[in-house]
1. Please order HIS460, HIS337 by the number of other Cβ within 10 Å, starting at the fewest.
2. Does segment 188-461 classify as rounded, prolate or oblate by the C-alpha gyration tensor (a ≥ b ≥ c root eigenvalues; a/c under 1.5 gives rounded; else a/b over b/c gives prolate, otherwise oblate)?
3. For LEU198, LEU393, LEU423, which order do you get if you count the other beta carbons within 10 Å of each Cβ and list the fewest first?
4. What size of dipole, in debye to the nearest 20, comes out for segment 188-461 about its Cα centre when the only charges are +1 on Lys and Arg C-beta atoms and -1 on Asp and Glu C-beta atoms?
5. If you rank VAL341, VAL237 by fewest surrounding Cβ atoms within 10 Å, what's the result?
6. Check PHE223: other-chain or 5+ apart residues with amide H under 5 Å from its amide H, H built from backbone geometry?
7. So what is the relative contact order of segment 188-461, in percent, for Cα pairs below 8 Å that sit 6 or more residues apart?
8. For segment 252-387, what relative contact order do you get, as a whole percent, if you take Cα pairs closer than 8 Å and at least 6 residues apart?
Amino acid sequence: MSKPKRNTKKAAQGKARPVAAKSKKAEASKTKAKPAPAKKTLTQKKPVPAKKPVPKKPAAKPAPKKVVKKAPPSKTVVKKPVAKAPLPKTKPDVVKSAPAPAQPAPKPAAKAAKPQAPAKPAAAVKAAPAPAPAKPAPAAKAAAAPAKKPAAPPVEVAAPTAAPVAAVVKKAPAQPLPAPGPTKTGALFYDSHMHTPLCKHAWGEPEEYAQQALKAGLKGIIFTCHCPMPNSFWPTVRMSESEFEIYLALVQRAADAFKGKLDIRLGIESEYYPGCEEYIAALHQRADFHYVLGAVHWQAKEYLNKYETGTIENFRRTYFEHLAKSAESGLYDCLAHPDLVKNYHPDSWCFAIVKNTVSTALDRIAATGVAMELNTSGLNKSYSEMNPGNEMLRMMADRKIPIVLGSDSHRAVRVGEHFVTALNHLTEAGYEKVSYFLNRQRIDLPISEVLASLKKAADHNA
């Protein structure tokens, strides 16, 4: 019974020993397994050199960096507009101001076309949809702009204004033209320049002027009161826009009152001021004017503020330049008091200083066929001489510029004043004929016949 116990022990021992061996092997395997993680730690340390290839990857990235360096050409394109300093500054301002104000809107339209080309592709994509609506937008804004700034560009106005004037000339008069030749009293001629109280510096009703015309031996008179002007231009010496219809009624009232005794016609003294040509052209079509007298008034505050720069002589030269332009505009039948500027610092007036300028202006006026006025009221001004003076009058006669007489009456007593003296001046200057206008058509009469008619009709009406 004991033997089997020993065997069991041995068996147990025999069995135990291999287990121990196995445990040693397990430990050995464990010990061997431990270095494996050590190797893993080594592999973990290898990522450190793996970071070294990272610089190699940036080495591969320089290629895109070079591509980035190629982008500077677009920057240089951006720099080109930067050379035009005002443009980049205005672009952001325009973008901000475009939605709010109406005035700067037309400008961005013109400038927006430029940034589209040099802009970055993203900006170009954004700008691309803009031009399509932008084109109708400026048209609408451009139409709105003149409403706030009625001063249309003169260069564009000059061409269209010639046509309306021709149309006005062809209009039929509101009342029939008088029979040609002298009246029963022998009257033959017209005083073609006088005013009404609507100009705010004339006195007396139109009927009073008409009565004086009969005493002066005239066949007719033409009222030429100062026209209304836009933007309150020199408002203290002219009728307002609201008084235009009143002016027409005043003249018609006098014409009806003197029907069969004196021919009374509607005219206008129409201002010439650069930038107002479009307004004036439209004004001339608002009534059946028989006579349109153009005038450059240097006395206007607006005119002085804009053109009174430099010397006195330069200011006078500017005046004569505008006189020539007024004739070339095609808006007027005749030019009023053509050397009126001699009353600007009259103590320094010397015709010889501006003679060359006057000569050039007269050449241009003669080419248009527009008439010029001998204004007898110059004798009542600070430089006491008719407008124009005798030397300029001779230069006009040499160029065969038609001449019209006007008293420029602001009081009834001056209608027809100094006409005999004026006609004698014309003869001395070389003129043989003197003119007046009816229905915008010039009528020429021999000076000798006009002189005889004035004396005969005045004696008859005395």
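Rule-based calculations on the coordinates, nothing more; no lab input. Just so you know, these numbers come straight off a predicted model, no measurement behind them. Note: ideal-geometry Cβ built from the backbone for every residue, glycine included; neighbour counts use all protein chains shown.
1. Going from sparsest to densest Cβ surroundings: HIS460, HIS337.
2. Since a/c reaches 1.5 but b/c is at least a/b, the shape of segment 188-461 is classed as oblate.
3. Fewest-to-most ranking of LEU198, LEU393, LEU423: LEU198, LEU423, LEU393.
4. 280
5. With the sparsest Cβ surroundings first, the list reads VAL237, VAL341.
6. Under 5 Å from the amide H of PHE223 lie the amide H atoms of ARG265, GLY267, each far enough along the sequence or on another chain.
7. For segment 188-461, the relative contact order is 23 percent.
8. 21
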